[in-house]
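Colleague: Sharing a structure here in structure tokens format.
Quick note: the coordinates plus some simple rules give every number you see, no bench work behind them. Quick caveat: nothing in here was measured; it's all calculated off a predicted structure. Cβ coordinates were reconstructed from backbone atoms using ideal geometry, including for glycine residues, and neighbour counts include every protein chain displayed.
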Amino acid sequence: MRLLLQQGYEVAVVDDLSRGYRHNVPPGCLYQLSLVETNALTELMRQTACEAVIHFAGLISVGESMREPERYLANNVGGSLSLLTAMVQAGVKHLVFSSTAAVYGNPHTTPILESFPIQPVNPYGESKVMVETMLRWFDQIHRLTNISLRYFNASGADPEGRLGEEHEPETHLIPLVLRAVMTGEPATIFGNDYDTPDGTCIRDYVHVDDLAQAHILAVEHLLGGGASDQFNVGTGTGHTVLEIIRAVEEVTGKKVPYLWGARRDGDAASLVAASGKLRGKLGWNPKYTGLSTIVEHAWNFASKGGRRS
Ligand SMILES: NC(=O)c1ccc[n+]([C@@H]2O[C@H](COP(=O)([O-])OP(=O)(O)OC[C@H]3O[C@@H](n4cnc5c(N)ncnc54)[C@H](O)[C@@H]3O)[C@@H](O)[C@H]2O)c1
């Protein structure tokens, strides 16, 4: 939202605040609604003369989705269907969707191309696949053009330190490791015997500002008459868990307390994006590709208490 406002767009935010926080949205921009409130969404889109929707809303925890699949399907798939219905009712023709690398499951090789098989291994990933499928039909039948952005590991924080990761419970590696530094409570590293240079999992960390910029490029592509598509959003470079720990130690100047845990079911050894399609077709050019910058920005946010006042 910050980048959209900076770039001259008018923005209305819809969130039911089930997992989000009012303090992250400027006063007057937030409409506290659930995605399942189809008619209220239609009315809001009409009132605001909405031209395009960026759809981030959803439940995001893989582990929780393995315990409560019905909740994930109802919220992520049912909620998205309601939103798409409202868009059709209001005549809004463009949508950018937050999808995920989890749609690929555990691919045998990396980097991962958009053409790799879609084979999610948990209900969270499956819920995103189902929405991508619905989007194809809404394009074909209602001419609602759309782009799915399959994020790899969103990370970092806004460079001024006002916005950052606020998940409860937190499941993402960098904020968990920063929390370990601040509290002295050890972080757990799941698995040290993967087929990677140091035995820990490799992931592709993409800075939230670069991720946000990908959304703006996607909206502009659709508003300019561009066709529906799917894109990975990752830098194309992977880092192991131990590399993250070393980067946190360098940025904070403190030792990271950690413990070794067993491998988690379903964790792939390495998930790294092939990012050429997004760069080539939409002109995406990430600014913050250095791991130390990502960790510095996350630390800047976390060390101020992790929340805007
Ligand atoms: N963070 C990552 O690394 C990552 C990776 C891949 C994909 N994604 C996707 O990006 C999106 C945003 O992720 P995030 O990390 O900012 O998560 P988040 O939990 O901080 O944000 C999701 C927001 O959706 C809202 N929400 C949930 N269900 C809703 C509903 N039915 N109606 C209205 N609002 C609802 C929550 O209150 C929350 O504010 C999600 O769709 C997630 O699946 C995130």
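Colleague: Of everything in segment 94-119, what is within 12 Å of the ligand (Cβ to nearest atom) and either without any contact (Cβ under 8 Å) to a residue 60 or more places away in the chain or more than 13 Å from Ala268 (Cα to Cα) (or both)? Give them in sequence order.
Modeller: Of everything in segment 94-119, those that are within 12 Å of the ligand (Cβ to nearest atom) and either without any contact (Cβ under 8 Å) to a residue 60 or more places away in the chain or more than 13 Å from Ala268 (Cα to Cα) (or both) turn out to be Val96, Phe97, Ser98, Ser99, Thr100, Ala102, Val103.
Colleague: Please indicate, with yes or no, whether at least one residue in segment 277-286 is aliphatic (A, V, I, L, M), assigned to a helix (DSSP H, G or I), closer than 27 Å to Lys128 by Cα and in contact (Cβ under 8 Å) with a residue 12 or more places away in the chain. Break it down stepwise before answering.
Modeller: Step one: filter segment 277-286 for residues aliphatic (A, V, I, L, M), giving 278, 282.
Restricting the remaining residues to those that are assigned to a helix (DSSP H, G or I) gives 278, 282.
Now narrow it down to the ones that are closer than 27 Å to Lys128 by Cα: 278, 282.
Keeping just the survivors that are in contact (Cβ under 8 Å) with a residue 12 or more places away in the chain gives 278, 282.
There is at least one residue in segment 277-286 that is aliphatic (A, V, I, L, M), assigned to a helix (DSSP H, G or I), closer than 27 Å to Lys128 by Cα and in contact (Cβ under 8 Å) with a residue 12 or more places away in the chain.
Colleague: Moving on to the next point. State the number of residues belonging to segment 209-227 that are surrounded by 13 or more Cβ atoms within 10 Å (Cβ to Cβ) and out of contact with any Phe, Trp or Tyr (no Cβ under 9 Å at 6 or more places or on another chain).
Modeller: 6
Colleague: Across segment 133-163, which residue is farthest from Phe97 (Cα to Cα) among those that are among the polar types (S, T, N, Q) and assigned to a strand (DSSP E or B)?
Modeller: Among them, the one singled out is Ser155.
Colleague: I've got another one for you. Pairs under 6 Å by beta carbon, first residue within 14 Å of the ligand (Cβ to nearest atom) in segment 44-64, partner part of a loop (DSSP other than H, G, I, E, B), six or more apart or different chains?
Modeller: Note: pairs meeting the criteria are Ala57/Leu35; Ser61/Thr171; Val62/Asn122.
Colleague: Just checking, does segment 246-263 include any residue being crowded, with 22+ Cβ neighbours inside 10 Å, touching a residue at least 40 places away in the same chain (Cβ under 8 Å), assigned to a helix (DSSP H, G or I) and over 20 Å from the mean Cα position of the chain (by Cα)?
Modeller: Taking every residue of segment 246-263 in turn, at least one turns out to be crowded, with 22+ Cβ neighbours inside 10 Å, touching a residue at least 40 places away in the same chain (Cβ under 8 Å), assigned to a helix (DSSP H, G or I) and over 20 Å from the mean Cα position of the chain (by Cα).
Colleague: Taking segment 152-177, which residues are of a type in the set (Ser, Thr, Tyr) and crowded, with 20+ Cβ neighbours inside 10 Å?
Modeller: Ser155
Colleague: Still on this structure, I have one more. Quick one: what pairs do we get from segment 6-23, first residue more than 10 Å from the ligand (Cβ to nearest atom), second part of a helix (DSSP H, G or I), C-beta under 7 Å, 6+ apart or different chains?
Modeller: Filtered contacts from segment 6-23: Gln7/Ile216; Val11/Leu4; Val11/Leu5; Ala12/Leu44.
Colleague: Moving to a separate point now. Answer yes if at least one residue in segment 180-200 is closer than 30 Å to Leu5 by Cβ and crowded, with 17+ Cβ neighbours inside 10 Å, and no otherwise.
Modeller: Scanning segment 180-200 turns up no residue that is closer than 30 Å to Leu5 by Cβ and crowded, with 17+ Cβ neighbours inside 10 Å.
Colleague: For a quick check of your reading of the model, give me the residue pairs whose first member lies in segment 291-306 and is buried (at least 21 other Cβ atoms within 10 Å of the Cβ), whose second is in a helix (DSSP H, G or I) and among the polar types (S, T, N, Q), with beta-carbon atoms closer than 8 Å and at least 6 apart or on different chains.
Modeller: Cβ pairs passing all conditions: Trp299/Thr252.
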